[in-house]
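Engineer: What follows is a single structure, and I will ask about it in a moment.
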Amino acid sequence: MANQYHPFLLLCLLLPLLSIASSSSSSHKHHQDHPALKSLHFSLYQHETINQTGYIIVNGVAGAGVGQTTTPFGTIFVFNDKMTTKPDSNSNVKAIAEGTSITSSLDGLRSVSFAKITLKINGYQGSISIVGGTHNIKPADHPVVGGTGDFMFVQGFVRSSPVDLQGVTVVYKIEFHLYWPPYAAAVHGF
């Protein structure tokens, strides 16, 4: 007689487990359906004037000499550059880039750079911090590693591309690709 009820008992024990597994898998699927990330994309132009907004602090020791686009290996360069909406230095200033570059290649064209960019643009105000490798005559991407104000928790990257490397002032186009993760909504209220 006990054998008669064995399949029924097994079914009674397994049915709740199947229900839990089913609700667990639908709950997991729900977590995969993220709302779209909030993002901001724009470009500014960085104007760097040697011995006015950018200075060599430590002379490098080897490799290329100091030129318009090169510095010797080990050179430490600091800058405090305005960033404008157009390549013309007299256009609207929307940001300030403060940072340091250390020449990391013997040809003098590459460096490790880090900067804090203080922004007031499109209703947003705060700063982002970037770090990465810079190539003086080719585009380079720099990851965003932090932010303050409206840019708290922001992620993304900044692409730096040379525009004008002639003369005392050099100009770089800086493209911003910024993304706020979903948890940033709790801080920013969006």
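Engineer: Starting from the stretch 169-187, take each residue that is under 10 Å from Val154 (Cα atoms) and list its partners that are modelled with pLDDT of 90 or more and of a type in the set (S, T, N, Q), counting only C-beta distances under 7 angstrom and pairs at least six apart or across chains.
Structural biologist: Final answer for the pair search is Leu178/Ser39; Tyr179/Ser39; Tyr179/Gln155; Pro181/Gln155.
Engineer: Does the stretch 127-141 contain any residue that is outside any strand (DSSP E or B), of a type in the set (A, V, I, L, M, F, W, C), touching a Gly at 6+ places or on another chain (Cβ under 9 Å) and within 14 Å of His177 (Cα to Cα)? Steps first, answer last, please.
Structural biologist: First, the residues of the stretch 127-141 that are outside any strand (DSSP E or B): 136-139.
When the remaining residues are screened for being of a type in the set (A, V, I, L, M, F, W, C), the result is 137.
From what is left, the residues that are touching a Gly at 6+ places or on another chain (Cβ under 9 Å) are none.
Looking through the stretch 127-141, none of the residues is outside any strand (DSSP E or B), of a type in the set (A, V, I, L, M, F, W, C), touching a Gly at 6+ places or on another chain (Cβ under 9 Å) and within 14 Å of His177 (Cα to Cα).
Engineer: Determine whether Tyr55 is open to solvent by 70 Å² or more (accessible area, probe 1.4 Å) and assigned to a strand (DSSP E or B).
Structural biologist: Working: open to solvent by 70 Å² or more (accessible area, probe 1.4 Å): yes; assigned to a strand (DSSP E or B): yes.
So Tyr55 passes the test.
Engineer: In a strand (DSSP E or B), within 13 Å of Ser160 (Cα to Cα), open to solvent by 60 Å² or more (accessible area, probe 1.4 Å) and at pLDDT 95 or above: is that true of Phe42 in this structure? Reasoning before the result, please.
Structural biologist: On the way: in a strand (DSSP E or B): yes; within 13 Å of Ser160 (Cα to Cα): yes; open to solvent by 60 Å² or more (accessible area, probe 1.4 Å): no; at pLDDT 95 or above: yes.
No; evaluated as a whole, the condition is false for this residue.
Engineer: Could you grab me the full set of residues in the stretch 136-164 that are within 23 Å of Val66 (Cα to Cα) and either among the aromatic types (Phe, Trp, Tyr) or open to solvent by 60 Å² or more (accessible area, probe 1.4 Å) (or both)? Reasoning before the result, please.
Structural biologist: So in the stretch 136-164, the residues within 23 Å of Val66 (Cα to Cα) come out as 136-140, 160-164.
Residues satisfying the conditions are Ile137, Lys138, Pro139, Val163, Asp164.
Engineer: Of the numbered conditions (1) over 15 Å from Leu40 (Cα atoms); (2) surrounded by fewer than 18 Cβ atoms within 10 Å (Cβ to Cβ), Tyr124 fails exactly one; give the number of that condition.
Structural biologist: (1)
Engineer: Same structure again: Would you mention how many residues in the stretch 142-190 are outside any strand (DSSP E or B) and not acidic (Asp, Glu)? Steps first, please.
Structural biologist: We begin by selecting, within the stretch 142-190, every residue outside any strand (DSSP E or B); these are 150-154, 165-168, 181-190.
Then keep just the ones that are not acidic (Asp, Glu); that gives 151-154, 165-168, 181-190.
Number satisfying all stated conditions: 18.
Engineer: So, in the stretch 80-106, how many residues would count as being closer than 22 Å to Gly147 by Cβ, part of a strand (DSSP E or B) and open to solvent by 30 Å² or more (accessible area, probe 1.4 Å)?
Structural biologist: 6
Engineer: Restricting attention to the stretch 165-190, report how many residues are exposed (fewer than 14 other Cβ atoms within 10 Å of the Cβ), of a type outside the set (A, V, I, L, M) and on the phi < 0 side of the Ramachandran plot.
Structural biologist: The total comes to 5.
Engineer: Please find, among Gly126, Gly108, the residue that is modelled with pLDDT of 95 or more and out of contact with any helix residue (DSSP H, G or I) (no Cβ under 7 Å at 6 or more places or on another chain). Before the answer, list the steps.
Structural biologist: Details: Gly108 fails: modelled with pLDDT of 95 or more.
From the options Gly126, Gly108, the qualifying one is Gly126.
Engineer: With touching a residue at least 60 places away in the same chain (Cβ under 8 Å) and closer than 17 Å to Tyr45 by Cβ as the only criterion, which of Asn136, Asn92, Asn80 stands out?
Structural biologist: The unique qualifying residue is Asn136.
Engineer: Does the stretch 112-121 hold any residues that are open to solvent by less than 50 Å² (accessible area, probe 1.4 Å), among the β-branched types (Val, Ile, Thr) and touching an Asp or Glu at 6+ places or on another chain (Cβ under 9 Å), and which are they?
Structural biologist: Residue satisfying the conditions is Ile117 alone.
The values are calculated or read from the model by the stated rules, or taken from the named source; none is laboratory data. Quantities reported herein were computed from a predicted structural model and do not represent experimental measurements. FYI the Cβ positions are ideal-geometry reconstructions off the backbone, even for glycines, and counts take in every protein chain you see. In case anyone asks, the SASA skips ligands and DNA or RNA and just uses the protein heavy atoms, side chains included. Shrake-Rupley method; radii C 1.70, N 1.55, O 1.52, S 1.80 Å.
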